[in-house]
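Student: Please see the structure below; I have some questions.
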Amino acid sequence: MTFPPEIFQITLLSLQISALATGISLLIGLPLGTLLALGKFWGRSFFLSIVNTGMGLPPVVVGLFVAMMLWRSGPFGDMNLIYTPTAIIIAQTVISAPVVIGLTSAALQSLDPRLRLQLYGLGASRWQMIWALWREARLPLLAALMAGFGSVISEVGASMMVGGNIRYQTRVLTTAIVLETGKGNFEIALALGVLLLLITFLVNWALTWIQQRGEE
Amino acid sequence: MNDKNLITIKNLLVKRGNKVVLRVNELFIKRGEILSVVGPNGAGKSTLLLTLARLLKPNAGQILFNGNPAQKESDTAYRRKIALVMQDPLLFDLSVYKNVALGLEFRGASKSEIQEKVPLWLERLGVANLTERRAKKLSGGEAQRISLARALILEPELLLLDESFSALDPPTRANLLDDLKPLLKNNATTTLFVTHDLHEARKLATRMAIIMKNSLRQVGNANEIFEAPIDEDMAHFLGKI
């Protein structure tokens, strides 16, 4: 491994993949979590149980499932996505979406239920009511975002299985650490580990700063 | 049709499951009056208020708003004619200014209109000094004044007050009632004031309505009701026996 351009490329790819997966999870998770928190429909508790179970999905199981789907003989094999960054993004989205859905739902359910009545009583439309509740729950919602990002930036099993750890193409920080450790290159593995920790800290520090703005 | 009536309720029936929680054969709310609705806890007072706010759907009956069936309008269009103040202030974790501006924003008011009205209403409720304060840092009395400003700034055709002072300590409550009464009178704000406190109800009311055992029992001015309760139950509730 040459230093540092390759490490820069690996770091950038890790960030791009995990940020995209977290972003997609947010786009899926915010509306679905809101629906589960505020909606009244048959099977709601069942779907909540599914989501809560999904929050603890083992990444290797997700990796296996996504690999089977994207494998050349699998249902989406024609799309040639296996061993591409897109495959890792799909797997990471499957891992982080339930986290975002579950924590969004919990955040909104923890608000005083009378706030909805109060918002309607001030003339809010349904969307204005939802927007106001999101704003009110902004601290736990940002925590959901942080948890979603945390669940994928540090994940290794699924990325390895669907990405294949191909140099310059699908190698991310976690899979590179596994590779270097396997080769006995502990110094490089350790440096990559510290880099991963630093990135995780910086992203969470930025989100925490946004979250705590105005708090005393 | 009496055009003095903002609200006309006829044969209203609200059930929860199979249980009747409110029955009102006929009730008018006159334009500009403060109608205090009194009754013991669980009698159905808040059900009446929530039904008028279109937050509960009645099982039967008709509600006319300005002489027109209220059901003809969408929930949002109808609710933009009213404003609701509940027992707890239920302020949002924002500045006082942003809380008071909330209903105007929902109605698409311009920034200049908001900038003009918010300080005015904070001043009228005696809390202009709290404009930039974070809502969660307010005392109970201050928070309820902000909650009232948030509703009154909308200049609603109908103001709904649901036990809005009962969580306050007696001196704070008395001060707030003293300040609110002239505000409502001067603006001729039609108000439905739900409370279990007879003294409070009488202090604010133009007329009073008594709900007992999930049914509207008597309506009239306070003196009429206190002097001539229609039956023993009512007399007992009013402290006459």
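Student: The conditions are (1) of a type outside the set (D, E, K, R); (2) at the interface with another protein chain (Cβ under 9 Å from one of its Cβ atoms); (3) assigned to a helix (DSSP H, G or I), and A:Met160 fails exactly one of them. Which is it?
Tutor: (2)
Student: In the range A:39-52, which residues are part of a helix (DSSP H, G or I) and surrounded by fewer than 16 Cβ atoms within 10 Å (Cβ to Cβ)?
Tutor: A:Arg44, A:Ser45, A:Phe46, A:Ser49, A:Ile50, A:Asn52
Student: Could I ask something else about it? Restricting to the range B:214-241, what's the tally of residues that are closer than 14 Å to B:Pro40 by Cβ and among the acidic types (Asp, Glu)?
Tutor: Matching residues across the range B:214-241 total 1.
Student: Taking the condition part of a helix (DSSP H, G or I), of a type outside the set (Ser, Thr, Tyr) and away from chain B (no Cβ under 14 Å), does A:Ala191 pass?
Tutor: Considered against the rule, which asks whether it is part of a helix (DSSP H, G or I), of a type outside the set (Ser, Thr, Tyr) and away from chain B (no Cβ under 14 Å), A:Ala191 comes out as yes.
Yes/no matrix, rows are residues, columns are (1) touching a helix residue (DSSP H, G or I) at 6+ places or on another chain (Cβ under 6 Å); (2) surrounded by fewer than 18 Cβ atoms within 10 Å (Cβ to Cβ); (3) of a type outside the set (Asp, Glu):
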position: A:Leu117; (1), (2), (3): no, no, yes
position: A:Arg126; (1), (2), (3): no, yes, yes
position: A:Trp131; (1), (2), (3): no, yes, yes
position: A:Met161; (1), (2), (3): yes, no, yes
position: A:Glu180; (1), (2), (3): yes, no, no
position: A:Lys183; (1), (2), (3): no, yes, yes
position: A:Ala206; (1), (2), (3): no, yes, yes
position: A:Ile210; (1), (2), (3): no, yes, yes
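Student: Could you please find all residues in the range B:23-56 being more than 16 Å from B:Val194 (Cβ to Cβ) and assigned to a strand (DSSP E or B)?
Tutor: Of everything in the range B:23-56, those that are more than 16 Å from B:Val194 (Cβ to Cβ) and assigned to a strand (DSSP E or B) turn out to be B:Arg23, B:Asn25, B:Glu26, B:Phe28, B:Lys30.
Matching residues to (1) surrounded by 15 or more Cβ atoms within 10 Å (Cβ to Cβ); (2) away from chain A (no Cβ under 14 Å); (3) closer than 15 Å to B:Leu160 by Cβ:
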position	(1), (2), (3)
B:Leu12	yes, yes, no
B:Leu35	yes, yes, yes
B:Leu50	yes, no, yes
B:Leu55	yes, no, yes
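Student: I'd like to know if the range B:57-72 contains one or more residues that are within 12 Å of chain A (Cβ to nearest Cβ), part of a loop (DSSP other than H, G, I, E, B) and on the phi < 0 side of the Ramachandran plot.
Tutor: No: zero hits.
Student: How many residues does the range A:68-115 contain that are without any contact (Cβ under 8 Å) to a residue 24 or more places away in the chain and in contact with a helix residue (DSSP H, G or I) (Cβ under 9 Å, 6 or more places away or on another chain)?
Tutor: Total meeting the criteria: 13.
Student: For the range A:116-139, give me the residue count where each residue is modelled with pLDDT of 95 or more and either in contact with a His (Cβ under 6 Å, 6 or more places away or on another chain) or not small (Gly, Ala, Ser) (or both).
Tutor: 16
Student: Same structure again: Condition check: in contact (Cβ under 8 Å) with a residue 24 or more places away in the chain and among the hydroxyl-bearing types (Ser, Thr, Tyr). Does A:Thr208 satisfy that?
Tutor: yes
Student: Report those helices (runs of 4 or more DSSP H) wholly inside the range B:77-190 carrying at least 1 residues which are within 14 Å of the chain's Cα centre (by Cα) and free of Cβ contacts under 8 Å to residues at least 60 places away in the same chain.
Tutor: Counting at least 1 such residues, we get B:140-152, B:170-186.
Student: Among residues belonging to the range A:133-157 that are without any contact (Cβ under 8 Å) to a residue 60 or more places away in the chain and away from chain B (no Cβ under 14 Å), point out the one that is surrounded by the fewest Cβ atoms within 10 Å (Cβ to Cβ).
Tutor: A:Ser154
Student: Being surrounded by fewer than 20 Cβ atoms within 10 Å (Cβ to Cβ) and under 28 Å from B:Ala53 (Cβ atoms) is the filter here, so list the residues in the range A:72-114 that pass it.
Tutor: A:Gln109, A:Ser110, A:Leu111, A:Asp112, A:Pro113, A:Arg114
The values are calculated or read from the model by the stated rules, or taken from the named source; none is laboratory data. Note that this is a predicted model, so its numbers are computed, not measured. Glycine also receives a Cβ, built like all others from the backbone with ideal geometry; neighbour counts cover every protein chain displayed.
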